[in-house]
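Novice: I'd like to ask some things about the structure below.
The values are calculated or read from the model by the stated rules, or taken from the named source; none is laboratory data. Fair warning: this is a prediction, and the values are worked out from it, not measured in the lab. Here Cβ is always computed from backbone atoms with ideal geometry, including for glycine, and neighbour counts include all displayed protein chains.
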Amino acid sequence: MDSLTTRVFNNGNSQAVRIPAEFRLDTDRVRISRNEQGDLLIQPLRAERGTALLQALQTLNEADSTFVAALESEQALALPVQDREAL
C-alpha cells in the first residue's frame, strides 16, 4: 500500500495526524522535516531501550568494547526514507 488519505485535527495548540493501522509505528518518537518540495517527512526514531542496560553492564565491567561497538553501530543505522507521492 503506497498511500492513504487520513485526517488532520487540532490537539491543543498543535496539529495532529491520524496514522492508519497500516502505517502503525513501532516507536513513540519521530523526526519531522520538510523536503525541497515542501512535503512533510516523518521518520521513526529508534527507541533507546537498551541504554540503561548497557550502562549497568559497563558499570559492572560485564560489557567488552567489541560488544559495545556492535550495539552502537546497530543503533546508528538509519531507517530508509520512504518516497511518497504528494496528494
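Novice: When you look at residue 61, is it on the phi > 0 side of the Ramachandran plot, of a type outside the set (D, E, K, R) and loosely packed, with under 11 Cβ neighbours inside 10 Å, yes or no?
Specialist: Values: on the phi > 0 side of the Ramachandran plot: yes; of a type outside the set (D, E, K, R): yes; loosely packed, with under 11 Cβ neighbours inside 10 Å: yes.
Yes.
Novice: Which of the residues spanning region 1-24 are over 30 Å from residue 73 (Cβ atoms) and part of a loop (DSSP other than H, G, I, E, B)?
Specialist: 1, 2, 3, 4, 5, 6, 7, 12, 13, 18, 20
Novice: Of all residues in region 29-52, which are more than 19 Å from residue 75 (Cα to Cα) and over 15 Å from the mean Cα position of the chain (by Cα)?
Specialist: Scanning region 29-52 gives 34, 35, 36, 37, 38, 39.
Novice: I would also like to ask the following. Cβ-Cβ below 7 Å, separation at least six or inter-chain, first residue in region 63-75 and within 19 Å of residue 27 (Cα to Cα) and at pLDDT below 80, second of a type outside the set (Gly, Ala, Ser) and part of a helix (DSSP H, G or I): which pairs?
Specialist: Within 7 Å, the pairs are 71/54.
Novice: Please verify whether residue 41 is touching a strand residue (DSSP E or B) at 6+ places or on another chain (Cβ under 6 Å) and modelled with pLDDT of 90 or more, treating the condition exactly as stated.
Specialist: So residue 41 passes the test.
Novice: Then there's this: Please go through region 1-25 and give me each residue that is surrounded by 10 or more Cβ atoms within 10 Å (Cβ to Cβ) and either of a type in the set (A, V, I, L, M) or in contact with a helix residue (DSSP H, G or I) (Cβ under 6 Å, 6 or more places away or on another chain) (or both), ordered by number.
Specialist: 4, 16, 17, 19, 25 - these are the residues of region 1-25 that are surrounded by 10 or more Cβ atoms within 10 Å (Cβ to Cβ) and either of a type in the set (A, V, I, L, M) or in contact with a helix residue (DSSP H, G or I) (Cβ under 6 Å, 6 or more places away or on another chain) (or both).
Novice: Collect the residues in region 25-44 that are under 12 Å from residue 84 (Cβ atoms) and assigned to a loop (DSSP other than H, G, I, E, B), keeping them in residue-number order.
Specialist: Residues satisfying the conditions are 35, 37, 39.
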